[in-house]
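Asks: Pasting in a structure now, in structure tokens, and then I'll have a few things to ask.
The values are calculated or read from the model by the stated rules, or taken from the named source; none is laboratory data. Model, not experiment: these values are computed from the prediction. Neighbour counts run over all protein chains shown; Cβ positions are idealised from the backbone, glycine included. Just the protein is used for accessible areas: all its heavy atoms, side chains included, with ligands, DNA and RNA removed. Shrake-Rupley method; radii C 1.70, N 1.55, O 1.52, S 1.80 Å.
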Amino acid sequence: MRNVFTIGELLIDFFPSETGVALKAVAGFTKQPGGAPANVAVTVSRLGGKASFIGKVGQDAFGEYLTDVLKENQVDTSHLYTTTEANTALAFVSLQDNGEREFSFYRHPSADMLLDKEEVKGIDFPADAILHFCSVDLIEAPVKYAHIAVLEKVKAAGGTIVFDPNVRLNLWPDAEKLKQTIQDFIPYADVLKVSDDELAFITGKESEAEGVKTLLQNGLELLILTKGGAGADLYFKGEKISVSGKRVDTVDTTGAGDSFIGAFLYQFAQVDKITDCTLDEIRRMGEFANRVAALVTTKHGGISAIPTLQEVQDFIG
């Protein structure tokens, strides 16, 4: 089993006590651990894989809580740092009746943004390492350059790099800067995962076909285009593989995309090279990932909703 590393934000999501209410009208909230890279790491671990998280939290109660959550989920925290210079990031969420979300973030800056490239210099990545990252912490801050340092180390070691842009426009002062930053980092990726509602923004192409064509020009080993409840399209070895979604009673979509890619990484970790996989093996990986993501949407929260391997195997949908 190869080791999966994730790098980026680790934060507290405050979920509303009621649904179908605008964020400004929510009366109360409950804290949940979150942050896309952390969700991915826990997904890998909870399914039975090996995961390590690279990031930074504040020396505060929320940072201690998040560290405990990762440890409780058997995620390696050897490269989780702390700081007194900023607090742990917070996100307040409102939920619509269909499970869609509205966010308000508190991170100006937050501790995750202060991860420094000097702190990651000593991390040794094996040749078979898998690294996952997103775009939230590619904002102009020390953490961006920590990402670059880690990406260069993994690339030099011969590892596999997986990029899920996970677009969050409200965390960037300039949408064009976010778009350009994502485009600048795509060439690092061996595997790229984007959602259908991110495709036009990232590529500047109105049609799905043109957007996909643009992304495939980056020499990707695998392109994953997720479509929510409609499933996903997987572009591999010049072929398009479509896998259907699963019908469930959705209550909260938080973490669905993260668990989807986390489920893929759990499976990637069991093969030497993605390019050695057959089309049928990639299809089965997509079907498994859809099952994991569907189960996550049936519960509230991100990390707390991630299923075990047994729960996935028992799921009929």
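Asks: Out of A61, A22, A89, I need the residue that is among the hydrophobic types (A, V, I, L, M, F, W, C), in contact (Cβ under 8 Å) with a residue 60 or more places away in the chain and either open to solvent by 10 Å² or more (accessible area, probe 1.4 Å) or in contact with a Phe, Trp or Tyr (Cβ under 6 Å, 6 or more places away or on another chain) (or both). Which one?
Replies: Result: A22 is the single residue among A61, A22, A89 that is among the hydrophobic types (A, V, I, L, M, F, W, C), in contact (Cβ under 8 Å) with a residue 60 or more places away in the chain and either open to solvent by 10 Å² or more (accessible area, probe 1.4 Å) or in contact with a Phe, Trp or Tyr (Cβ under 6 Å, 6 or more places away or on another chain) (or both).
Asks: Further question: Kindly establish whether D258 is of a type in the set (D, E), surrounded by 15 or more Cβ atoms within 10 Å (Cβ to Cβ) and not in a helix (DSSP H, G or I).
Replies: When the stated conditions are applied, D258 does not pass them.
Asks: Need the failing condition index for N39 against (1) surrounded by 18 or more Cβ atoms within 10 Å (Cβ to Cβ); (2) in a strand (DSSP E or B), just the number.
Replies: Unmet condition: (2).
Asks: Can you tell me which condition M113 does not meet? The list is (1) out of contact with any strand residue (DSSP E or B) (no Cβ under 6 Å at 6 or more places or on another chain); (2) at negative phi; (3) in a loop (DSSP other than H, G, I, E, B), and all the others hold.
Replies: Result: M113 passes all but (3).
Asks: All but one of (1) small (G, A, S); (2) within 26 Å of G158 (Cβ to Cβ); (3) touching a helix residue (DSSP H, G or I) at 6+ places or on another chain (Cβ under 9 Å); (4) open to solvent by 30 Å² or more (accessible area, probe 1.4 Å) hold for S104, so report the exception by its number.
Replies: Every condition holds for S104 apart from (2).
Asks: State yes or no: is D76 in contact with a strand residue (DSSP E or B) (Cβ under 6 Å, 6 or more places away or on another chain), modelled with pLDDT of 95 or more and open to solvent by 10 Å² or more (accessible area, probe 1.4 Å)?
Replies: Yes: the conditions hold for D76.
Asks: Inspect all residues belonging to the stretch 195-213 and state whether any of them is under 26 Å from V150 (Cα atoms), β-branched (V, I, T) and in contact with a Pro (Cβ under 7 Å, 6 or more places away or on another chain).
Replies: For the stretch 195-213, residues under 26 Å from V150 (Cα atoms), β-branched (V, I, T) and in contact with a Pro (Cβ under 7 Å, 6 or more places away or on another chain): present.
Asks: Considering only the stretch 127-143, state which residues are in contact with a Lys or Arg (Cβ under 9 Å, 6 or more places away or on another chain) and surrounded by fewer than 24 Cβ atoms within 10 Å (Cβ to Cβ).
Replies: Within the stretch 127-143, D128, A129, L138, I139, E140, P142 qualify.
Asks: Return only the number of the condition from (1) farther than 23 Å from F5 by Cα; (2) free of Cβ contacts under 8 Å to residues at least 12 places away in the same chain; (3) open to solvent by 60 Å² or more (accessible area, probe 1.4 Å) that D276 does not satisfy.
Replies: Looking at each condition in turn, D276 falls short on (1).
Asks: Can you name every residue in the stretch 25-46 that is under 16 Å from T67 (Cα atoms) and free of Cβ contacts under 8 Å to residues at least 60 places away in the same chain?
Replies: Those that are under 16 Å from T67 (Cα atoms) and free of Cβ contacts under 8 Å to residues at least 60 places away in the same chain: K31, S45.
Asks: Now for a different question. Where residues in the stretch 146-162 are open to solvent by 10 Å² or more (accessible area, probe 1.4 Å) and under 12 Å from F185 (Cα atoms), which of them is farthest from the chain's Cα centre (by Cα)?
Replies: Only one residue fits best here, namely E152.
Asks: Select the helices (runs of 4 or more DSSP H) contained entirely in the stretch 163-224, then report the ones holding at least 1 residues which are aromatic (F, W, Y) and open to solvent by 40 Å² or more (accessible area, probe 1.4 Å).
Replies: 196-203
Asks: What is the one condition in (1) part of a helix (DSSP H, G or I); (2) open to solvent by 60 Å² or more (accessible area, probe 1.4 Å) that F288 does not satisfy?
Replies: Every listed condition holds for F288 apart from (2).
Asks: State yes or no: is T82 more than 20 Å from the chain's Cα centre (by Cα), modelled with pLDDT under 95 and part of a strand (DSSP E or B)?
Replies: So T82 does not fit the description; no.
Asks: Could you list all residues from the stretch 233-255 that are open to solvent by 30 Å² or more (accessible area, probe 1.4 Å) and in contact (Cβ under 8 Å) with a residue 12 or more places away in the chain?
Replies: If the condition is that a residue be open to solvent by 30 Å² or more (accessible area, probe 1.4 Å) and in contact (Cβ under 8 Å) with a residue 12 or more places away in the chain, then Y235, K237, E239, S244, K246, R247, V248, D249, T250, V251 are the ones that fit.
Asks: What is the number of the single condition among (1) part of a loop (DSSP other than H, G, I, E, B); (2) open to solvent by less than 60 Å² (accessible area, probe 1.4 Å); (3) on the phi < 0 side of the Ramachandran plot that G301 does not meet?
Replies: Answer for G301: the failing condition is (3).
Asks: Could you grab me the full set of residues in the stretch 62-95 that are over 16 Å from D13 (Cα atoms) and of a type outside the set (D, E, K, R)?
Replies: N73, Q74, V75, T77, S78, H79, L80, Y81, T82, T83, T84, A86
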